1. May I ask you to verify whether ARG8 is farther than 30 Å from ARG126 by Cα, modelled with pLDDT of 85 or more, surrounded by fewer than 18 Cβ atoms within 10 Å (Cβ to Cβ) and out of contact with any strand residue (DSSP E or B) (no Cβ under 7 Å at 6 or more places or on another chain)?
2. Within region 82-115, how many residues turn out to be surrounded by 11 or more Cβ atoms within 10 Å (Cβ to Cβ), more than 16 Å from the chain's Cα centre (by Cα) and either at pLDDT below 70 or not assigned by TED's automatic domain parsing to the domain that holds TYR10 (or both)?
3. Exactly one condition in (1) over 13 Å from TRP13 (Cα atoms); (2) at pLDDT 85 or above; (3) surrounded by 13 or more Cβ atoms within 10 Å (Cβ to Cβ) is not met by GLN47; state its number.
4. Which of the residues that make up region 55-78 are among the β-branched types (Val, Ile, Thr) and at pLDDT 85 or above?
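The values are calculated or read from the model by the stated rules, or taken from the named source; none is laboratory data. Note that the structure is predicted; figures quoted are calculated from it, not measured. Cβ: placed from backbone, ideal geometry, glycine included. Neighbour counts: every protein chain shown.
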Amino acid sequence: MVVAIKGRKYWLWRAVDADGYVLFALLQSRRDKTAALRLVRKLLKGQCVAPRVIITDKLRSYNAARREIMPNVEHRSHKGLNNRVENSHLAVRRRERGMIRFKSAGQCQRFLSIHGPIANLFHLQRKKTTTAEYRKLQNAAMSTWREITLSTVA
């Protein structure tokens, strides 16, 4: 995703797992092999486990970074396979419009680094869940959110 800040283009790199949870988000001014290497290193450092499969768009920098860092991991790049990542950008787009753009790259990175975990807290899987179970999950998420926000205020 491209984010324009003060007339300069920045690239938003996001890693999303198979369930739609945001694992990592990084804002960079380049979209080349060096930037892809930085993304993969930071992602692996936070996850501590190498993935079985990586699905990306057709940018060739991803494959170059994968070959260098994780040569045994399968790489798939096809037009429709990375829709889960593309749909995770929608919330950032909505926020960007509401804020009337981000003012700086630092502000954007701070927003992205906290937006992912908060969105993951309220990202509840609805498949094969009864209404009562779903309501319990919602209440648990809200109570966790209240604990977090009240502890920072006090």
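1. On the way: farther than 30 Å from ARG126 by Cα: yes; modelled with pLDDT of 85 or more: yes; surrounded by fewer than 18 Cβ atoms within 10 Å (Cβ to Cβ): yes; out of contact with any strand residue (DSSP E or B) (no Cβ under 7 Å at 6 or more places or on another chain): yes.
So ARG8 fits the description; yes.
2. Residues in region 82-115 being surrounded by 11 or more Cβ atoms within 10 Å (Cβ to Cβ), more than 16 Å from the chain's Cα centre (by Cα) and either at pLDDT below 70 or not assigned by TED's automatic domain parsing to the domain that holds TYR10 (or both): 1 in total.
3. Here GLN47 meets the rest and fails (2).
4. If we filter region 55-78 for residues that are among the β-branched types (Val, Ile, Thr), which is where we start, we get 55-56, 69, 73.
Correct list: ILE69, VAL73.
This table checks each residue for (1) in a loop (DSSP other than H, G, I, E, B); (2) within 13 Å of the chain's Cα centre (by Cα); (3) surrounded by 18 or more Cβ atoms within 10 Å (Cβ to Cβ).
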residue	(1), (2), (3)
VAL3	no, no, yes
ALA15	no, yes, yes
ALA18	yes, yes, no
ALA25	no, yes, yes
ARG31	yes, no, no
THR34	no, no, no
LEU39	no, yes, yes
